[in-house]
Amino acid sequence: MDPLRIFVVDDEAAQRELIGGFLRKQGHEVLLAGSGAEAAARVRETRVDLVLSDFKMPGMSGLELLRAVKAVNPEIPFILVTAYGTVETAVQAMKEGAADYLTKPLDLEELLLRIGPLDLEELLLRIGRVSEQVRLQSAVRQLQAHLVERHRLEGIIGESGRMQEVLALVKRVAPSEATVLIRGESGTGKELIARAIHFNSPRATGPLVTLNCAALPEHLLESELFGHEKGAFTGAVAQRKGRFEVADGGSLFLDEIGDLSPALQVKLLRVLQERQFERLGGNRTLAVSVRILAATHRDLEQAMRDGTFREDLYYRLNVVTIQIPPLRERREDIPPLLDHFLRKFAEKNRRAVTGLTAAARDALLRYDYPGNVRELENLVERAVLLTRGQVIDLPDLPVTLRPGERGPAESGTLGVPPRLPDLLAGIEREAIRAALERHGGVQTQAAAELGISERVLRYKMRKHGLEGRPD
């Protein structure tokens, strides 16, 4: 058991000193107070790992001290020690946040006779339990802090104007309780945006539960959403909580919401309206506090016209819509994503891969990525694993990405006329050249005018053979 800083509160000096001395011998740091009011004041000023308090004291009782301590810090464990309490007192204390309770002798004479090894060992056992709770709570807090840090908006790679608009919207909507519908092609990062919303919201310390609505047949999906009672259907050998229950106090991310069957759409609509549901095979109504985040790559408006998606559910989900653009429409994000995935997979696979040749980088920059960011990630991982050198070259990439080695159906250009990329590149080059000229080659000002970052500007200057003087 790790040493704790324990606050012993008792108006009986003999018991206070006896318990305090015993705990010090066990290696704990001990603070002593003779009244609840004194303890309540000191808890505000000093760190405490555990409060061990008598129940019946003049002035502020142990139960009142419990409330005062929880008001200062709800996570401080509290053990109530009583000779006067009843079962009702103990139940009340536990309801108000006490970690445990103990019964002490009725008077000092009995104390001296009884507070021998058995009682003290029991005290140590209870403190040991609380110590383990403190350790687990600390571990949970560290994990939560790590998750929040990992999903900070600043950590999402997206330097293009389109993605900056998406991140600005995420930042505005995250602190709210609004239902969010995230739309975009497969592989654009819809789940990443959902995680960013959750971990930048007041619900960040609660669970984030994910369910892919397209991954399960209807009868299993209903059980996954709402849970079931024992015997609800063949194979239901025990009660099981659904994703709504598990997500209580947090967020539920429903991926591919457009694939829900009409029957499940009706049931989901009821939960969104009333925040209540019953498990399959049950008749008890359960209430939950869950924020809904949904995502789809489907055209829900067309689905409504076709009669496969309910209009009322659509408007329940569509409180705030975040549209993630495909990678081919935000090519400025490809260079930083390339560098990020290269570092990630080189480190993960312990490969000394440091970069790409100009030919390989150019091929990756020209590709249209029908699978979006997920496809780019897979391509870089494959190249890191297959390359024989420290620099990824064109032969390390799939044949469909190599100029002159792929047919029209494999080109990834989605039917764009052959000369259009060159035309667009010329327009881009001229816009950058003119902006640099207007600002005397100052890249910061030119980038601000063009609505891109300096990093993207420098990349485009290299790509188009432009030279500008540094700031």
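The values are calculated or read from the model by the stated rules, or taken from the named source; none is laboratory data. Here the structure is a predicted model, which means the values were calculated and not measured. Note that each Cβ is placed from the backbone with ideal geometry, even for glycine, and that neighbours are counted across all protein chains shown. These area figures cover heavy atoms from the full protein model, side chains too; ligands, DNA and RNA do not enter into them. Shrake-Rupley method; radii C 1.70, N 1.55, O 1.52, S 1.80 Å.
Out of V43, V9, V51, one residue alone is in contact with a Leu (Cβ under 9 Å, 6 or more places away or on another chain) and under 13 Å from I127 (Cβ atoms). It is V51.
Here V290 does not fit the description of being in contact with a strand residue (DSSP E or B) (Cβ under 7 Å, 6 or more places away or on another chain), surrounded by 14 or more Cβ atoms within 10 Å (Cβ to Cβ), over 30 Å from A238 (Cα atoms) and hydrophobic (A, V, I, L, M, F, W, C). Listed by first and then second residue, the pairs linking a residue in segment 425-454 that is free of Cβ contacts under 8 Å to residues at least 40 places away in the same chain and over 23 Å from E329 (Cα atoms) to a residue that is in a loop (DSSP other than H, G, I, E, B) and open to solvent by 50 Å² or more (accessible area, probe 1.4 Å), with Cβ atoms under 6 Å apart and 6 or more places separating them unless they lie on different chains, are G441/R469; V442/D471; Q443/D471; T444/D471; Q445/H439. Looking only at segment 243-254, decide whether some residue is closer than 30 Å to P175 by Cβ, among the hydroxyl-bearing types (S, T, Y) and either surrounded by fewer than 20 Cβ atoms within 10 Å (Cβ to Cβ) or free of Cβ contacts under 8 Å to residues at least 60 places away in the same chain (or both). Scanning segment 243-254 turns up at least one residue that is closer than 30 Å to P175 by Cβ, among the hydroxyl-bearing types (S, T, Y) and either surrounded by fewer than 20 Cβ atoms within 10 Å (Cβ to Cβ) or free of Cβ contacts under 8 Å to residues at least 60 places away in the same chain (or both). Each residue in segment 15-27 was checked for being assigned to a loop (DSSP other than H, G, I, E, B) and in contact (Cβ under 8 Å) with a residue 60 or more places away in the chain, and 1 pass.
Looking across V384, V373, one residue alone is assigned to a helix (DSSP H, G or I), at pLDDT 90 or above and out of contact with any strand residue (DSSP E or B) (no Cβ under 8 Å at 6 or more places or on another chain). It is V373. Picking from residues in segment 342-352 that are outside any helix (DSSP H, G or I) and not small (G, A, S), the one that is surrounded by the fewest Cβ atoms within 10 Å (Cβ to Cβ) is R350. When the residues of segment 387-406 are filtered to those that are modelled with pLDDT of 90 or more, outside any loop (DSSP other than H, G, I, E, B) and open to solvent by less than 30 Å² (accessible area, probe 1.4 Å), the one that is nearest to F341 (Cα to Cα) is I392.
A single member of D339, D333, D368 is farther than 23 Å from A214 by Cα, buried (at least 20 other Cβ atoms within 10 Å of the Cβ) and acidic (D, E), and it is D333.
Only one of these is closer than 21 Å to R126 by Cα, in a helix (DSSP H, G or I), among the charged types (D, E, K, R) and touching a strand residue (DSSP E or B) at 6+ places or on another chain (Cβ under 9 Å): K70, K56. Name it. Being closer than 21 Å to R126 by Cα, in a helix (DSSP H, G or I), among the charged types (D, E, K, R) and touching a strand residue (DSSP E or B) at 6+ places or on another chain (Cβ under 9 Å) holds for just one of K70, K56, which is K70. Selection of segment 152-183 for residues being within 25 Å of R331 (Cα to Cα), open to solvent by 40 Å² or more (accessible area, probe 1.4 Å) and either touching a residue at least 24 places away in the same chain (Cβ under 8 Å) or part of a loop (DSSP other than H, G, I, E, B) (or both) yields R152, I157, E159, R162, L169, K171.
Here's the yes/no breakdown for (1) open to solvent by less than 50 Å² (accessible area, probe 1.4 Å); (2) within 22 Å of M94 (Cα to Cα):
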| position | (1), (2) |
| --- | --- |
| P3 | no, no |
| V8 | yes, yes |
| I19 | yes, no |
| H28 | yes, no |
| L31 | yes, no |
| A39 | yes, yes |
| V48 | yes, yes |
| D54 | yes, yes |
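Taking the conditions exactly as written (exposed (fewer than 14 other Cβ atoms within 10 Å of the Cβ), closer than 21 Å to E96 by Cα and aliphatic (A, V, I, L, M)), does A71 satisfy them or not? Criteria met by A71.
Within segment 33-61, residues that are closer than 24 Å to R129 by Cα have Cβ atoms under 6 Å from residues that are of a type in the set (D, E) and open to solvent by less than 40 Å² (accessible area, probe 1.4 Å) in these pairs: D54/D10, counting only partners at least 6 apart in sequence or on another chain.
Among the conditions (1) open to solvent by 10 Å² or more (accessible area, probe 1.4 Å); (2) closer than 20 Å to L125 by Cα, Q15 misses just one, which is (1). Taking segment 184-236 as the range and being more than 30 Å from L169 (Cα to Cα) and either among the β-branched types (V, I, T) or in a helix (DSSP H, G or I) (or both) as the test, the residues that pass are E218, H219, L220, L221, E222, S223, E224, F226, T234.
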